[in-house]
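The values are calculated or read from the model by the stated rules, or taken from the named source; none is laboratory data. On a predicted model such as this, the values are computed, not experimentally measured, just so you know. When we count neighbours, we look across all protein chains shown, and the Cβ atoms used for this are built from the backbone with ideal geometry, even at glycine.
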Amino acid sequence: MTVSGVSSKIAPLIQSALDINKQLDDLQRQLGSGQKADTYAGLGSQSGIAVALNAQLSAIKSFNDTMTNVGTSISIQQAVLQQIASIGSTVQSATMQSSFAVDSTGQTTSQKTVQSQLDQILSLLNTQGGNGYLFSGSGLNQPSVDTADHILNGNGAQAGLKQVIAERNQADLGADGLGRLVIPAAAGTTVAVSEDAAASSPFGLKLAGVNSTLTGATVTGPAGSPAAISVALGAANPNNGDTITYTFSLPDGTSQTLQLQATTSAPPGPNQFTIGATPAATAANLQAALTAGVSRIGSTSLSAASAMAASNNFFDDPPQRVSGSPATATALVDGTSANTVFWYTGEDGSGSARSTATARIDPTTTVSYGTRANEQGIRWIVQNIAALAATSYASSDPNASASYAALNSRVYSALGVPAGVQNISDIESSLASAQTAMKMTQSQQQQTSNMLTTMQQSIEGVDINQVGAQILSLQTSLSASLSTTARMASLNLLNYLSPVTG
């Protein structure tokens, strides 16, 4: 009889126990991590699908991070634009309530407040976001605008707005303050007025029309180059109460009328001329009244219109300066960085402002959200507030109050944003469109992410209850295997021999 060795039976049992223990370790890992395997290789034939799913989920997360960052920038931009619009509305309201009382600087209290509000706007335009200056277009490392001090007062050899306004005012008024109009002495019974240069000159008053009820008078023009208007009185004097009305175009695009009335009173009242003993004497009185009326327009509405035009010139791109001696100039010329402050200091390319910052938010969609401080809607508010902040008046000037009122009226109208001018709300709307696009995309991506995550979990994830049951089953098997192995290991030859009895 042959008895086999016990060791040959134990070895398979030990290996089985080791295998069970290894399975238990893996199941314990699965229970802790919730994942079937540590590597894609452990997923077998589904590893390729798992890789693709994870790549898509990673891309969605990257897009979502991008939208979060862009959304933060747009929110800051919107807040800045709303504050600027609010300041514009505050200034607009103040222009209708401002009283005229200048201090030693030649400015009213309201103007000092406007200077502070201009400084606030410029500070807002230099707001920085996560990537840099938000209103500098693609020039994220460049401040968007210069300081209020430089813009108003200049910087060394560079002229500021105050100097540009002063030069433009000289160019618009001319040496004699008649708005670049020529009003010669009456020639017999004829009174004439003409522009001092051809229509291409941007300066001064322009003759836009004339309307007469003067009995017996012959009125011609405006016609010719330079344009002229002529009034020839008839053989008899006009009647008391007859009128002649001149219409002038001003440099800021507004118009002004001057109505002169014939009267028998001597001296005549404002905007009246005395009917003389002869038509020639009446013509001389009409010429004097016309000269006085135009001079008054020059000191009031023309000066205000000139300040508005100068501010528009200064904030242009590039800024425009009076060419040559201001009092006789007939053209504007581009300012240079050597002689003029450039208020906008950010990137100023030829593309649209919005295109200076773009972000891809899914494989087929991008949003544009760049902004520049010199966009018309922003610039319009800045230049009109700056015009009011930069002007000053002499308390001894009898027309100063009327000139100040004319400027306030123009600023009020301008801040109402006329038709054809970009409103700051237009910029806000375009940014809101980007926000809407991102919101819709995020919603779609969230749905896609949920679906992909479910698919990923079905491949990589485990059922915790099932794993727990497997662990209990293997633990039972391991316990039984170890018990059997222990019994086998304790066997020897004597266990097989029965005791010998007598």
**Asked** Wholly within segment 260-362, which strands (runs of 3 or more DSSP E) include no fewer than the required count, namely at least 1 residues that are touching a helix residue (DSSP H, G or I) at 6+ places or on another chain (Cβ under 6 Å)?
**Response** 272-274, 320-322, 358-362
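Please go through segment 187-205 and pick out each residue that is modelled with pLDDT of 95 or more and either of a type in the set (Ser, Thr, Tyr) or assigned to a strand (DSSP E or B) (or both). Before the answer, list the steps.
Initial filter on segment 187-205 (modelled with pLDDT of 95 or more): 187-195, 202-205.
Within segment 187-205, ALA187, THR189, THR190, VAL191, ALA192, VAL193, SER194, GLU195 meet the criteria.
For segment 109-152, name all the residues that are acidic (Asp, Glu) and in contact (Cβ under 8 Å) with a residue 40 or more places away in the chain. Please lay out each step first, then the result.
From segment 109-152, those acidic (Asp, Glu) are 119, 146, 149; that's our starting set.
Matches in segment 109-152: ASP146 only.
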**Prompt:** Across segment 86-106, which residue is modelled with the lowest pLDDT among those that are touching a Ser or Thr at 6+ places or on another chain (Cβ under 7 Å) and surrounded by 15 or more Cβ atoms within 10 Å (Cβ to Cβ)?
**Reply:** SER98
**Request:** Taking the residues in segment 399-436 that are β-branched (Val, Ile, Thr) and touching a residue at least 60 places away in the same chain (Cβ under 8 Å) as candidates, determine which candidate is nearest to GLY253 (Cα to Cα).
**Result:** VAL411
**Prompt:** If we keep just the residues of segment 206-231 that are in contact with a Pro (Cβ under 9 Å, 6 or more places away or on another chain), among the hydrophobic types (A, V, I, L, M, F, W, C) and assigned to a strand (DSSP E or B), which is farthest from VAL191 (Cα to Cα)?
**Reply:** ALA208
**Item:** Every residue from segment 349-369 that is buried (at least 17 other Cβ atoms within 10 Å of the Cβ) and more than 30 Å from GLN56 (Cβ to Cβ)
**Value:** ALA353, THR356
**Prompt:** Can you pull out the residues in segment 90-122 that are within 22 Å of the chain's Cα centre (by Cα), more than 19 Å from ARG410 (Cβ to Cβ) and of a type in the set (S, T, N, Q)?
**Reply:** SER116, GLN120
**Request:** Looking only at segment 167-179, decide whether some residue is modelled with pLDDT of 95 or more, in a strand (DSSP E or B) and not charged (D, E, K, R).
**Result:** no
**Asked** Among the candidates ALA307, ALA338, which residue alone is crowded, with 23+ Cβ neighbours inside 10 Å and at pLDDT 95 or above?
**Response** ALA307
**Message:** Quick test for you: out of ASN384, ASN374, ASN408, pick the one residue that is polar (S, T, N, Q), in the same structural domain as GLY132 (by TED's automatic domain parsing) and closer than 24 Å to GLN128 by Cβ.
**Reply:** ASN374
**Complete:** Reported set for segment 410-422 where residues are on the phi < 0 side of the Ramachandran plot, part of a loop (DSSP other than H, G, I, E, B) and touching a Phe, Trp or Tyr at 6+ places or on another chain (Cβ under 8 Å) is VAL421, GLN422
**Request:** Would you point out the residue of segment 305-349, among those that are touching an Asp or Glu at 6+ places or on another chain (Cβ under 8 Å) and small (Gly, Ala, Ser), that is nearest to VAL145 (Cα to Cα)?
**Result:** ALA310
